[in-house]
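What follows is a set of notes on a single structure, which appears directly below.
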Amino acid sequence: MANMSAKSDAARDGLHILILDPALRLPDQPGPTRSFDLAKRLRQTGHRVSILCTRAALADATPAEVDGIRIDAAPEARHRFGFPPATSGFARAAGWRIWRHKDVDLVLAADCSPSVLLHTTFFCFYRAIPFLIDTRRIPEEARPSHFIEGLGDLLGRVAVRFATRSARKILALSDDIREYLVAVRVPGAKIVVSPLASDTALAAASEAENPLPVSGGKILLYSGPFVDRVGLEQIIAVARALRESPTPDSLRIVLCGDGPQRARLESLARDADVLEKSLWFAPPLSHRALPAALAAATAVLAPASHRSMEISAAFYDGLAAGKPVIVVGAGAHRALIEGRAAGIGLPADPAAAARELTDFLRDGDGLRRAGQQALALATGRFNIERTAADVRALIEDTVAAAPRAVILRERMLRTKRVIDVVVSATALIVLSPLMIALAIAVCVKMGWPPIFAQVRPGFRGETFRIYKFRTMTGEKDTAGALLPDETRLTPLGKFLRRTSLDELPELINVLLGDMSLVGPRPLLPEYLPHYTAEQRRRHELRPGITGWSQVNGRNASSWEDKFKLDVWYVDNLSLWLDFKIVLKTFWVAVTGAGVNAPGHATMPRFDEVVARREGAED
């Protein structure tokens, strides 16, 4: 119930989410806009989103705001001397954003380099900010060309391993990427498959002009990168087979995109005598131009590979536009399309692929049904609203499970405990001669034992035995009852109380973990039934040898004021505040201020004060 409440509070109040995406794509640019689409939908649900990208996304490198989303640009990461760019511009900018924006609730690192992940991990840990990693590709294996490059690659792997261990969750774009992450020893429980989604707005008829170099007839469209493992060589071979076997309809294949393989592919098409005859190359399509191109296409060509977001984008765009999908190669995309009859998978043999493609394009009803199945996948399983909602829920759950304030408080309490152990152990050693001398003096003046133990309620109200030097005798009246405090309090006892030296044995309690150096003072267990709910909160921390109420009035304050000061300390706990209290404690001990309440040797019992007040009200 507490987690659900925290989650609803996060959704209502809104979180500040920082997205690190060096390869950010905006609607006016070619390529998948996954980060921007997610940011836009997070903002629509009341969250605040900031994006840090490289200068490739913002040409002028000046801050911009797109659809209410703050976008900043930083220098691109570059390798130096073969090592991961630990001091690259983007990595430094990422660390600086996390450090500077103190209100960031969560960081999402999208496909970042090892150096960026290392900076993200360090600064998120320091700021107690949870972070997620969005893994959008399987890195290509490359053999290092020299020792320095190999060492840099090793350091990069170590940085990635450290980051994936530290991240709360790892988003994987596909099952193939998930399997890769498991193979490199990322804990499977941390991995959440979050596929690239289909924006069904692409299915709407576009009024823009057809951006393709051809029109009319049947058009097969590929829009994506020209890289290895896409299968575009097979498409060129199929185009050649189609030219050698005339088809009843005019079939044109258009490959839109760019990449390192473009020149080689154009050379292959020219050698196959299909360039600008049955196959055309066109520039990359921006997200805004894509709907018009899809509207002009009969079907969409998509690789079966799930290895990267850019390669997979053509598949999801085809589904979103309600177009049959022609899958090249073997993989999960092919199995899905063939299983749902949303298109076909081309055989490896070019001649057989040409025949199957021809038969498929001749069947008008089959094309229509395949398009309907494709759109059904886009509106259901791969709908962008559904995928974004799943990621939003993951973000809210992550923040709710470990709110930043809770993490910082727990970390500070652990540090406070370490300080307690070190200081108390050191103080017991250093002050042992003084404590032995005081014990002898107490024995001489007040008899044995020099130290008395008393049960007190501590952390969460659990009782423990507190140790103090005796300051009173054990004198009793004829009825066997202890005499008043004023009678039993000795001159030595007054001195010990005024200087707080009677509290020195409590260092043993601190070392044992019953108490802390600073905290609300442990009071009598008889007081517990008389606390209000607010006053009972003083037990949310370990009791202390000194505390905020001890340096702000001590016993001269009323019980109500003391409890208010104790609760204030619980709410405003910090190591700096503890340091101030310790310094003020020395001054109070020297001056003896507030050692007793007016008219009392120490202070009236709280339960008796409450009883008198209740009796007066009756």
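Structure above, values below:
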| item | result |
| --- | --- |
| Unique residue being under 23 Å from residue 589 (Cα atoms), open to solvent by 50 Å² or more (accessible area, probe 1.4 Å) and in contact (Cβ under 8 Å) with a residue 24 or more places away in the chain when the list is 498, 537 | 498 |
| Among (1) without any contact (Cβ under 8 Å) to a residue 60 or more places away in the chain; (2) surrounded by 12 or more Cβ atoms within 10 Å (Cβ to Cβ) - the single one residue 448 does not satisfy | (2) |
| Verdict on residue 561 being touching a Ser or Thr at 6+ places or on another chain (Cβ under 9 Å), farther than 20 Å from residue 455 by Cα and either open to solvent by 60 Å² or more (accessible area, probe 1.4 Å) or touching a residue at least 40 places away in the same chain (Cβ under 8 Å) (or both) | yes |
| Residue list for segment 175-194, filter: crowded, with 18+ Cβ neighbours inside 10 Å and touching a Leu at 6+ places or on another chain (Cβ under 8 Å) | 191, 194 |
| Some residue of segment 271-279 being surrounded by fewer than 17 Cβ atoms within 10 Å (Cβ to Cβ), on the phi < 0 side of the Ramachandran plot and not small (Gly, Ala, Ser) | yes |
| Of the criteria (1) open to solvent by 60 Å² or more (accessible area, probe 1.4 Å); (2) part of a helix (DSSP H, G or I); (3) at pLDDT 90 or above; (4) farther than 19 Å from residue 464 by Cβ, which one residue 532 fails | (2) |
| Inter-residue pairs, beta-carbon under 6 Å, first more than 17 Å from residue 532 (Cβ to Cβ) and in segment 601-618, second surrounded by 15 or more Cβ atoms within 10 Å (Cβ to Cβ) and modelled with pLDDT of 70 or more, 6+ apart | 601/489 |
| Counted residues, segment 258-287 - those being in a loop (DSSP other than H, G, I, E, B) and among the polar types (S, T, N, Q) | 2 |
| Matching helices (runs of 4 or more DSSP H) fully within segment 406-515 where at least 3 residues are at pLDDT below 90 and of a type in the set (Lys, Arg) | 491-499 |
| Tabulated pairs, segment 63-82, first at pLDDT 60 or above and among the small types (Gly, Ala, Ser), second part of a loop (DSSP other than H, G, I, E, B) and open to solvent by 30 Å² or more (accessible area, probe 1.4 Å), C-beta under 6 angstrom, 6+ apart or interchain | 73/55; 73/61 |
| Meets criteria (open to solvent by 20 Å² or more (accessible area, probe 1.4 Å), touching a residue at least 60 places away in the same chain (Cβ under 8 Å) and of a type in the set (A, V, I, L, M, F, W, C)) for residue 483 | no |
| Looking only at segment 139-167, and only at residues there that are of a type in the set (Ser, Thr, Tyr) and modelled with pLDDT of 70 or more, the one that is least open to solvent (accessible area, probe 1.4 Å) | 164 |
| Qualifying residue in segment 241-255 (condition: without any contact (Cβ under 8 Å) to a residue 60 or more places away in the chain, within 42 Å of the chain's Cα centre (by Cα) and not in a strand (DSSP E or B)) | no |
| Residues (within 14 Å of residue 517 (Cα to Cα) and in a helix (DSSP H, G or I)) located in segment 571-588 | 575, 576, 577, 578, 579, 580, 581, 582, 583, 584, 585, 586 |
| In segment 516-527, residue nearest to residue 438 (Cα to Cα) [restricted to those that are open to solvent by less than 50 Å² (accessible area, probe 1.4 Å) and either among the polar types (S, T, N, Q) or outside any loop (DSSP other than H, G, I, E, B) (or both)] | 517 |
| Meets criteria (on the phi < 0 side of the Ramachandran plot and either of a type in the set (Phe, Trp, Tyr) or touching a residue at least 24 places away in the same chain (Cβ under 8 Å) (or both)) for residue 409 | yes |
| Selection count where residues are modelled with pLDDT under 90 and hydrophobic (A, V, I, L, M, F, W, C), scope segment 562-618 | 15 |
| Subset of segment 221-246 [under 19 Å from residue 308 (Cα atoms) and open to solvent by 40 Å² or more (accessible area, probe 1.4 Å)] | 227, 228, 229, 233 |
| Yes/no for residue 92 being open to solvent by 50 Å² or more (accessible area, probe 1.4 Å) and modelled with pLDDT of 90 or more | no |
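The values are calculated or read from the model by the stated rules, or taken from the named source; none is laboratory data. All values derive from a computational prediction rather than experimental measurement. Here the Cβ is made from the backbone with ideal geometry for all residues, glycine too, and neighbour counts use every protein chain on show. What goes into the accessible areas is simple: the full protein's heavy atoms, side chains included, and nothing from ligands, DNA or RNA. Shrake-Rupley method; radii C 1.70, N 1.55, O 1.52, S 1.80 Å.
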